[in-house]
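The values are calculated or read from the model by the stated rules, or taken from the named source; none is laboratory data. Predicted model only: the values in this text are computed from it and were never measured. So basically every Cβ, Gly included, is an ideal-geometry build from the backbone, and we count neighbours across all protein chains shown.
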Amino acid sequence: NVLVHHIESRLRDRQGAAPTNFKRSLPAPHSDLAQQALKDPYVFDFMRIAEDAKERALEEGLIQHLQAFMLELGKGFAFVGRQYHLEIGGDDFYLDLLFFNITLNCYVVIDLKAGEFKPEYAGKMQFYVAAIDAEVKLSHHNKTIGLILCKTKKGFMVDYTLRETQAPIGVSAYHDGMPPEIAQALPTIEQLEAEFSKQVDLNGDDLLEESGK
């Protein structure tokens with residue numbers, strides 16, 4: 001079932017496709033491994049996201065389907081907490097989702113956005129990444145990375161934003177079903193049935209020829 005899901009959701013095309021600044025902000029080969037750990041887009045077909053859903057509703061849905069969410073995140077992710085609390089300089093901050101990736105040996109901060117990507121989101125994530133590095137990360141851990149998950153994004157805006165961002169950050173879109181460009185590339189049920197019937201007919205003719213001999 002997992003294999004079928006990965007094929008249907010075009011995992012091969014999505015894996016490592018998220019725009020990031022990892023090449024510049026992380027040392028090799030960690031930068032390459034971190035790049036491959038992110039996807040674009042993420043497919044949350046295990047839940048329904050309303051058009052006017054807020055970030056908290058999105059977070060609630062992902063937590064309610066945590067197992068499916070972690071399966072979509074991919075190999076090596078371990079859940080640390082939601083609304084993860086940090087107290088810095090007497091002020092309280094809450095990170096939407098915090099994970100630790102065992103393969104990358106680093107924390108991964110996920111910030112959820114219900115709308116389109118905006119450049120100011122990177123500044124907020126940069127602060128979160130620095131805070132986890134200073135307050136939570138241990139000396140043997142690799143540098144924390146951030147993932148901004150938005151409903152939509154414009155490629156040029158993400159690219160311009162990440163060019164001057166120092167913290168390692170990736171930006172991905174998410175869908176509550178198969179993205180239209182992927183769905184259009186897949187054959188319909190009718191096409192699959194027609195192809196199956198064609199194959200059955202061909203096999204049947206072969207069997208008749210064999211029996212006639």
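When residues in segment 90-129 are screened for being surrounded by 18 or more Cβ atoms within 10 Å (Cβ to Cβ), assigned to a strand (DSSP E or B) and not hydrophobic (A, V, I, L, M, F, W, C), 5 of them pass. Going through (1) touching an Asp or Glu at 6+ places or on another chain (Cβ under 8 Å); (2) at pLDDT 95 or above one by one, N21 falls short only on (1).
Could you identify the single residue in K124, K137, K75, K143 that is of a type in the set (K, R) and within 15 Å of the chain's Cα centre (by Cα)? From the options K124, K137, K75, K143, the qualifying one is K75. Regarding L86, is this residue over 18 Å from L3 (Cα atoms) and touching a Phe, Trp or Tyr at 6+ places or on another chain (Cβ under 8 Å)? Yes; evaluated as a whole, the condition is true for this residue. Taken residue by residue, segment 129-149 has no member that is modelled with pLDDT under 95 and under 26 Å from R10 (Cα atoms). The criterion of being touching a helix residue (DSSP H, G or I) at 6+ places or on another chain (Cβ under 8 Å), on the phi < 0 side of the Ramachandran plot and at pLDDT below 60 does not hold for P179.
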